[in-house]
Amino acid sequence: MTESWARKPSDPTMRMLVPRLYGGTPTLFGAPLAERDEDMQAADVAFLGVPWRAPTPDSRSGTAAANYEGTLLTPSQFRSNSLKYGGYLPELDIDVFEHLKIVDRGDAEVVRDMGQTLANVEAEVNAMLDAGCFPITMGGNSGPSSYPVLKAIAARAGGPTAVLNLDAHHDNQRGEWEDDDPRQPRWGSTWARRILTLPGVDPTRYFHFGLRGPRNDRDVFTRFTERGVQREHIYTYRDVKAARKRDVDEWLGQLAATMLDGTAKIWIAVDPDVFDLSTNPDFADEPLGPTVEEVVELCYQVGRAAGRERFGGLSISALPYNAQTLHAILLYVLLYTLAGVVSAD
C-alpha cells in the first residue's frame, strides 16, 4: 500500500523566507526586523507602522469613508505588497538598497489614550533618529502618524524644519488635540494646522501641494496664513495646470530648491487623495489633481535637494488597506524619494 499523499488541513503549504513581523505579515521589502534599538545601529532607514484608525466622521458614509474604515490594517498590507519590488530603478540606474540599509521597526503601540499613543509614536521615532535612521512611517490616519513624527524630527533638526504636505484638502480646522472629544478625535481635519506650532517647525516653510476641490471652504487660506504660512506656498490645481503649459519638471525642481533654501530638515507627508481621480481604480477622492508622475518627480527632487544631511523623513497616511494599485503607487513614491536622497551623494 502506497503512503497517503493527503495532508492535514493544519499543515503549512509554504514557508516564509523573509523576516516575519507577525503571523503571515512580512517585513517591508523583506528587510531585517529591528525589534531592539541596537538592531537599527547599522541601518540608514527605519520603517514604522502606525495602525491608528480615525473614527469615521459623521459627514461620511459608504465608500466616502474608505480612507477611514480598516486603515489600522494598512501597515501590514503595505508590507505584503512591498515584496514584489526590489530597490533597483533602471530609469535612474540607482539601486536604493545598495546605498541605504532598510530595517523594519514593526508597529507603534496604539492605545485608546491619545496622549499615550502620541508619546509611543514619538518615542519610536526618537529611537530611529538616535540610531541615525531616516524615519519612514505608514498610517493609519493622520494625527498619530504625522504630528509626533514631525515633532521628533523638528526637535533635533538644529534649525528650521520645512514641511511638504501633499494633500487635496486643507486639514486645518481650528482647535488643539487636547480639546477633542476622546471618542471623536478630529485629527483628520486639523493636523496640518496643529503641526505649525511644534517647536522647530517654521510655518513660513510649510508647503502644501495639490489643494483643490469643493470639500475645502472659503477660510482655508486664512486658517493657514494666520499661523504664519505664506499664501504663495499653497499650490492648487491651477498652479499645476499652469506649470504643465511650460515645463512641469523644471517647475518641480524649482519648488524643491525653494523648499530646501535655508532649511535644516524637510519632512514629507503624503495623503493619497492628493492624486488625481484617474490615477488608480481602487481609491481616489478628487479630480483635477497631480498625476502619479508629477508627485513621484516632486518627491524625487525634494529628496535630491535635501540629500542625506537635510532629509528628515517621509510619512504616508489615510491609505485604504485594500487599495492595491494605490499601494504600488506609494511604494514608487517611497523608493523615488530615497533614490533622490542617494543621488545627491
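Identify all residues within the stretch 197-229 that are under 20 Å from the mean Cα position of the chain (by Cα), surrounded by 20 or more Cβ atoms within 10 Å (Cβ to Cβ) and assigned to a loop (DSSP other than H, G, I, E, B); write none if there are none.
Listed by number, the list holds a single entry, Arg212.
Inspect the stretch 263-278 for any residue being polar (S, T, N, Q), without any contact (Cβ under 8 Å) to a residue 24 or more places away in the chain and either in a helix (DSSP H, G or I) or closer than 19 Å to Ala192 by Cα (or both) and give the result as yes or no.
Yes; the residues of the stretch 263-278 include at least one that is polar (S, T, N, Q), without any contact (Cβ under 8 Å) to a residue 24 or more places away in the chain and either in a helix (DSSP H, G or I) or closer than 19 Å to Ala192 by Cα (or both).
Looking only at the stretch 45-64, which residues are buried (at least 19 other Cβ atoms within 10 Å of the Cβ), of a type outside the set (A, V, I, L, M) and either at pLDDT below 95 or assigned to a loop (DSSP other than H, G, I, E, B) (or both)?
Residues satisfying the conditions are Pro51, Trp52.
How many residues, within the stretch 2-46, are of a type in the set (D, E, K, R) and closer than 21 Å to Gly106 by Cα?
8
Any residue that is within 16 Å of Ala154 (Cβ to Cβ) and either part of a strand (DSSP E or B) or touching a Leu at 6+ places or on another chain (Cβ under 9 Å) (or both) - is there at least one of those in the stretch 230-249?
Within the stretch 230-249, none of the residues are within 16 Å of Ala154 (Cβ to Cβ) and either part of a strand (DSSP E or B) or touching a Leu at 6+ places or on another chain (Cβ under 9 Å) (or both).
For (1) in contact with a Cys (Cβ under 9 Å, 6 or more places away or on another chain); (2) surrounded by fewer than 22 Cβ atoms within 10 Å (Cβ to Cβ); (3) farther than 25 Å from Thr190 by Cα; (4) hydrophobic (A, V, I, L, M, F, W, C), each residue gets a yes or a no:
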| site | (1), (2), (3), (4) |
| --- | --- |
| Met259 | no, no, no, yes |
| Ile266 | no, no, no, yes |
| Asp271 | no, no, no, no |
| Pro287 | no, yes, no, no |
| Val295 | no, no, no, yes |
| Cys299 | no, no, no, yes |
| Leu331 | no, yes, yes, yes |
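Given the criterion in contact (Cβ under 8 Å) with a residue 60 or more places away in the chain, buried (at least 24 other Cβ atoms within 10 Å of the Cβ) and among the small types (Gly, Ala, Ser), identify the matching residue among Gly106, Gly139, Gly158, Gly132.
Criteria check complete, one pass: Gly139.
Do you know which residues across the stretch 294-307 are within 19 Å of Ala154 (Cβ to Cβ) and either touching a residue at least 60 places away in the same chain (Cβ under 8 Å) or not in a helix (DSSP H, G or I) (or both)?
Val302
Any idea which of (1) over 26 Å from Gly140 (Cα atoms); (2) in contact with a His (Cβ under 9 Å, 6 or more places away or on another chain); (3) among the aliphatic types (A, V, I, L, M) is the one Leu319 doesn't satisfy?
Single failed check for Leu319: (1).
The values are calculated or read from the model by the stated rules, or taken from the named source; none is laboratory data. Here the structure is a predicted model, which means the values were calculated and not measured. Cβ coordinates were reconstructed from backbone atoms using ideal geometry, including for glycine residues, and neighbour counts include every protein chain displayed.
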